[in-house]
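**Student:** This structure is in structure tokens; I'll ask about it shortly.
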Amino acid sequence: MKEIKLREEYIKLGQALKAADLVSDGVEAKFVILDGLVKVNGETDTRRGRKLYDGDLVFYNGETIKILK
């Protein structure tokens, strides 16, 4: 499980994928999110601007990202 520590109140989904090194850039993040390959807290989410807060879990490509405050 990868962990991302928040610097602000939230991080956007696309940014979280990049920060966890699960995608190479924002364009790749956009496509994997729009293709429905990313789940947030167990539900598919196609909004790359989705705000993630402390305790949220992101699932992509067999990896889990935990958002921490």
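**Student:** Could you identify the single residue in LYS39, LYS18, LYS30 that is among the charged types (D, E, K, R), modelled with pLDDT of 95 or more and outside any helix (DSSP H, G or I)? Working first, answer last.
**Tutor:** Values: LYS18 fails: outside any helix (DSSP H, G or I); LYS30 fails: outside any helix (DSSP H, G or I).
Sole residue among the options that is among the charged types (D, E, K, R), modelled with pLDDT of 95 or more and outside any helix (DSSP H, G or I): LYS39.
**Student:** Sticking with this structure for a sec: Output the number of the condition that LYS69 fails; it satisfies all remaining conditions of (1) free of Cβ contacts under 8 Å to residues at least 60 places away in the same chain; (2) exposed (fewer than 12 other Cβ atoms within 10 Å of the Cβ); (3) under 20 Å from GLU3 (Cβ atoms).
**Tutor:** The number of the failed condition is (1).
**Student:** Go through the stretch 31-45 and report how many residues are of a type in the set (Val, Ile, Thr) and under 10 Å from the mean Cα position of the chain (by Cα).
**Tutor:** Start the filter on the stretch 31-45 by keeping residues that are of a type in the set (Val, Ile, Thr), which leaves 32-33, 38, 40, 44.
Next, from what is left, pick out any that are under 10 Å from the mean Cα position of the chain (by Cα): 33, 38, 40.
The total comes to 3.
**Student:** All but one of (1) under 11 Å from the mean Cα position of the chain (by Cα); (2) modelled with pLDDT of 95 or more hold for ARG48, so report the exception by its number.
**Tutor:** (2)
**Student:** For the structure I just gave you, tell me whether ARG50 is touching a Leu at 6+ places or on another chain (Cβ under 7 Å), of a type outside the set (Ser, Thr, Tyr) and open to solvent by 50 Å² or more (accessible area, probe 1.4 Å). Can you show your working first?
**Tutor:** On the way: touching a Leu at 6+ places or on another chain (Cβ under 7 Å): yes; of a type outside the set (Ser, Thr, Tyr): yes; open to solvent by 50 Å² or more (accessible area, probe 1.4 Å): yes.
Taking the combined requirement at face value, the residue satisfies it.
**Student:** Just to be sure I understand the filter: pairs with C-beta atoms under 9 Å, separated by 6 or more residues or on different chains, first member in the stretch 35-64 and of a type in the set (Ser, Thr, Tyr), second member in a strand (DSSP E or B) and surrounded by fewer than 16 Cβ atoms within 10 Å (Cβ to Cβ). Which pairs pass?
**Tutor:** TYR60/LYS39; THR64/LYS2; THR64/LEU57
**Student:** Assess whether GLY55 counts as being surrounded by 17 or more Cβ atoms within 10 Å (Cβ to Cβ) and small (Gly, Ala, Ser). Walk me through it before giving the result.
**Tutor:** Numbers: surrounded by 17 or more Cβ atoms within 10 Å (Cβ to Cβ): no; small (Gly, Ala, Ser): yes.
Answer is no for this residue.
The values are calculated or read from the model by the stated rules, or taken from the named source; none is laboratory data. Predicted model only: the values in this text are computed from it and were never measured. Note that each Cβ is placed from the backbone with ideal geometry, even for glycine, and that neighbours are counted across all protein chains shown. Only protein heavy atoms, including side chains, enter the accessible area calculation; ligands, DNA and RNA are left aside. Shrake-Rupley method; radii C 1.70, N 1.55, O 1.52, S 1.80 Å.
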